[in-house]
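Below is one structure, written out as structure tokens; comments come after it.
Coordinate-derived values only; no laboratory data. If you're wondering where the values come from, they're calculated on a predicted model, not measured in any experiment. In this analysis, Cβ positions are derived from the backbone assuming ideal geometry, glycine residues included, and neighbour counts consider all displayed protein chains.
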Amino acid sequence: MFSRPPRSIVLLVALPLLLAGCTSADPDAKRGTGTPTRVVVPPPVSATPVLDSANDRPLPLDAYLFDPEQMFTVERAQARLGTSCMARFGFDYVPQVPPRPTRGSDAPTTRRDGRYGPQNAAVMAKWGYHSEGGDVGAESMPPRPQPSQEMTVALRGSSDIKQKFGPGGQVISGQTVPDHGCVGEAVKALTGAVDGRVGDAQLAEDLKFRTLLDSQKDARTQAVFGQWSQCMKEGGFSYPDPVAALGDKTWWDSPGPTPHEIQVATADAACRHRTNLVGVWYSVDFAYQQQAIAENAAAMAQIKTDLQAQVKAATAALNG
């Protein structure tokens, strides 16, 4: 019942897979007649490192997005604040909090989402495009009993099932229900407003996807994709780019990697190394992120301030 930000898929392949359809993930895609198409100006790239993996490399947007530990801290704090609030109304209500996310060895160290696809040749040789060790993501949460009507009022500030949240004001066990209920009280403690956004700011999240999409479409990245594709053809595999290989539906028909998948993934890793695909894509992505932050400087500065304040409030709630 407590509102939590959606936990990003921890698989290292998450974002590239979402971009397999390109425009479907573009937050600036046309939303209707009369909406102008965004003009993308390719930014200059200062340097292109030679990389097999960028998982330990920083990206400009990292400072504006919650890292795994920060997000886990906020989730636990939101649950504790909600539990404390509900206790005032006589309810023993403990929100479900996802366990600390488990991350494979081929996953970024400071980001919650992977970029550029798989980057560890040894892991690819064993697991193909499947997650290392099987399901490495956050565990699924078991269903919980439906709350009573009184509990719902305390949680949401409204007894109207058609209304997500209400202004509160009801009295339960001698205590007045706060605006937006205990959910709102917890959110306000973290964000300063009962309807605040817990977790990544919308703009930061939009730019995370937009910059990856722009960098994927960039001529410099497309050129290295072409080199990679030619390398794969030499090994007997035909894919236009690494996103297509990663998103091949054949892999997901099997719970584990097949011999053919291992062959393709092994060739993929070798061709990535040969063409410096990750190094090129990372450097282009880095430049687009710098550009996006500069274009939204004032808003991004506020986002960073709000993120730090949210983490500080969450830490205080857990230590209180």
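State to the nearest 20 debye the size of the charge dipole of segment 121-279 about its Cα centre, where the only charges are +1 on K and R beta carbons and -1 on D and E beta carbons.
Once rounded to the nearest 20, the dipole reads 200 debye.
So what's the back-of-envelope 222 nm ellipticity for the chain, counting only DSSP H runs of four-plus at -39500 (n - 2.57) apiece and dividing by all residues, rounded to 500?
So the calculated ellipticity at 222 nm is -15000 deg cm²/dmol.
Once each part is reduced to its C-alpha centroid, what is the distance from segment 61-133 to segment 287-320 in angstrom?
18
Output the pairs from K164/K312; K164/K208; K126/K233; K164/K304; K126/K217 with a Cα-Cα distance over 25 Å in this structure; if there are none, say none.
K164/K312; K164/K208; K164/K304; K126/K217
For the chain, build the charge dipole from Cβ charges (+1 Lys, Arg; -1 Asp, Glu) around the Cα centre, then report which of A125, I262, A299 sits farthest towards its positive end.
It is A299.
Of the listed peptides 277-283, 51-57, 256-262, 203-209, what is their order by residue-averaged count of other C-beta atoms within 10 Å, with the highest listed first? Working shown, then result.
Details: 277-283: 24.1, 51-57: 17.9, 256-262: 14.6, 203-209: 20.7.
Final packing ranking: 277-283, 203-209, 51-57, 256-262.
Which far-off residues, 5 or more places away or on another chain, put their amide H under 5 Å from the one on I172, with H placed in the peptide plane?
Those lying under 5 Å, H to H, from I172 are V177.
Give the residue from P44, G226, Y64 lying farthest towards the positive end of the charge dipole for the chain; charges sit on Cβ (+1 for Lys and Arg, -1 for Asp and Glu) and the dipole is referred to the Cα centre.
Y64
Compute, for the chain, the length of the dipole vector about the Cα centre, with Cβ point charges of +1 (Lys, Arg) and -1 (Asp, Glu) only. Units Debye, rounded to 20.
Magnitude of the dipole: close to 400 debye.
Apply the Karplus parameterisation 6.51 cos²θ - 1.76 cosθ + 1.60, with θ equal to phi minus 60°, to every residue of segment 45-50 and state each ³J(HN,Hα) to the nearest whole Hz, in sequence, with x for glycine and proline.
Once θ is set to phi - 60°, the couplings for segment 45-50 become 10, 6, 7, 10, x, 8 Hz.
If you work out Cα extents along the principal axes in Å from the coordinates, which of [x] 61, 51, 37; [y] 61, 47, 34; [z] 75, 44, 42 do you get?
So the calculated entry is the one marked [z].
For segment 75-117, with only Lys/Arg (+1) and Asp/Glu (-1) charged at the beta-carbon, what is the dipole magnitude about the Cα centre, in debye rounded to 20? Mind showing how you got there, number by number?
Details: 8 positive and 4 negative charges, 31 e Å.
So the magnitude is around 140 debye.
Which of I161, S238, V187 sits farthest toward the positive end of the charge dipole of segment 160-314, with +1 on the Cβ of Lys and Arg and -1 on the Cβ of Asp and Glu?
After comparing all options, I get V187.
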